[in-house]
Amino acid sequence: MSSSRRALLQGGAVLAAASLAMPAIAQPARIRIGVLADFSGIYTDLLGPAGVACARQAASEFMAATPGLNVEVIFGDHQNKADVGATLARSWFDQQGVDMLIAGPNSAVGLAASTVTRDKDKVCLGVAVTATEFTNALCTPNTINWTYDGYMLSKAVAAETVRGGGKKWYFIATDNAFGHSLQAETTAFVQEAGGSVVGGARVPLGTADFSATLQAARASGAEVIGLALGGNDLPNCIKQAQEFGITRRMKMAALVMFLSDIKSAGLQVMQQLLFTNSFYWDTNEQTRAFTRRVLPAMGGAYPGMVHAGCYAVTLHYLKAVAAMGVARAKESGAAVVAQMKSMPTQDDAFGAGSIRADGRAVLAAYLLQVKAPAESRQDWDFCKLVSTMDPQETVKPLSQSACPLIRA
């Protein structure tokens, strides 16, 4: 058993033991949170044990400041399968008393979990759901998407790349809801900036050999390869592009990238790539303070955007629960989400923000560039800030929304 997984299990045991040690008449009100994510596949580093640790950090901090409330955080592996995720969510709600679900990597799973959550009137909070449909056409009154979506991820990267001369694009996208949504959003921004799309290819999740796809991209006449890939697929594709010499004559645009991707591939491979995140650990003193608090439970990693999202959604959810009262909060997830939307958001990871009627969190985002090896001062010092996006610029305008909550 890995040290990080052992730490998680020990953490859960401590919380459970503390609860059991109290007399029955003194039992505090309990809230149960489930983290639904990939714990065995290509997205494990994206959330995994470190994300659970961040959710538990928020719970611990809130319990310390709110006597009489007991918060338990459990987790389960959706195996990147929508049916597995939906079944696990249903079991949590029906048999294990889970009140709120954090939807981790894989948009198809997030959308499936959102449907179950609506049907059970619980709460579903997305921290790694790229598909804009999550808070658009398939929005529900029980759902919030916090950290990012395809609109936010692609907007700044597409505009900056076209402005820099990369006008002809070829896409390599994962053949799932995540890849389809991200490619569609980026295509719109490329065309809006004066660029064009000359071709593309879709690949299965977990592709090991990108050689044929990369050769097709090289032959397409494109100047930019837009990579709508996640998990280990992104660094694997970039490494192979370098081996074929493609990066010497074509630009690579990482439409979604995380610290774990840079750590996996190394600065030598990833240097100069542009990407957008709504959290970077070294942005300001507040993000550094948050990072210092969670590092002991991170298993040697620094928090990325999704880990920070686990912390922030847990904290804001618990603020809403406290404002309503636990009994009322447990009666209706839709009522809790409505309360969350009515309250401004504030935490050390993302700063100040708000949540729109469609469930999309409105937060600042950052266009980042990966440093060259010589620029890095320490391990995990991977990025430099290029520009900051105003919160309102990171979200699709409500005038373009198909969310039934907006139409109503």
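What follows draws every value from the coordinates through simple rules; no lab data is involved. Predicted model, so just to flag it, every value in this text is computed and none were measured. Glycine also receives a Cβ, built like all others from the backbone with ideal geometry; neighbour counts cover every protein chain displayed.
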Cα-only radius of gyration and Dmax that characterise the chain, units Å: 20.7, 73
Lysines with Cα under 21 Å of Lys263, excluding same-chain neighbours fewer than 8 positions away: Lys239, Lys251, Lys371, Lys384
Cα-centred dipole magnitude for the chain, charges only on beta-carbon of K, R (+1) and D, E (-1), debye, nearest 20: 140 debye
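Given a Förster distance of 35 Å, report the FRET efficiency between Glu331 and Glu192 from their Cβ-Cβ distance, rounded to the nearest 0.05.
About 0.20, to the nearest 0.05.
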Test item: Cα-centred dipole of the range 261-408, Lys/Arg +1 and Asp/Glu -1 on Cβ, debye: 400 debye
Computed [θ] at 222 nm, deg cm²/dmol, the chain (DSSP H ≥ 4; -39,500 (n - 2.57); rounded to nearest 500): -13500 deg cm²/dmol
Near-label residues of the range 299-317 by backbone N, under 18 Å of a point 7 Å along Cα→Cβ of Ala289: 303, 308-309, 311-313, 315-316
Mean separation of Cα contacts under 8 Å, 6 or more apart, over the residue count of the chain: relative contact order %: 17 percent
Degrees between helix 333-342 axis and first principal axis of the chain (Cα, 0 to 90, nearest 10): 70 degrees
Cys with no candidate disulfide partner in the chain (beta-carbon separation under 4.7 Å rule): Cys124, Cys237, Cys383
Positive dipole terminus of the chain, leading residue within Asn176, Ala254, Ala208 (C-beta point charges): Ala254
Of every Cα-Cα pair in the range 170-319, the percent that sits beyond 18 Å: 61 percent
Rounded tilt (10° steps) of 82-95 against the dominant C-alpha axis of the chain: 10 degrees
Within straight-line cross-link reach of Lys396, aspartates and glutamates at Cα separation under 19 Å, skipping those fewer than 8 residues along the same chain: Glu133, Asp149, Glu160, Glu185, Glu192, Asp358
Per residue convex hull volume, Cα atoms of the range 263-405, in Å³: 139 Å³
For the chain, with +1 on Lys and Arg beta carbons and -1 on Asp and Glu, the positive-most of Thr115, Leu69, Ala312 along the dipole: Ala312
Straight-distance crosslink candidates among lysines, where the alpha carbon sits under 25 Å from Lys81 and sequence neighbours closer than 8 are dropped: Lys120, Lys122
Choice from Ile42, Ile144, Ile225 with maximal GNM fluctuation in the chain (Cα, 10 Å cutoff): Ile42
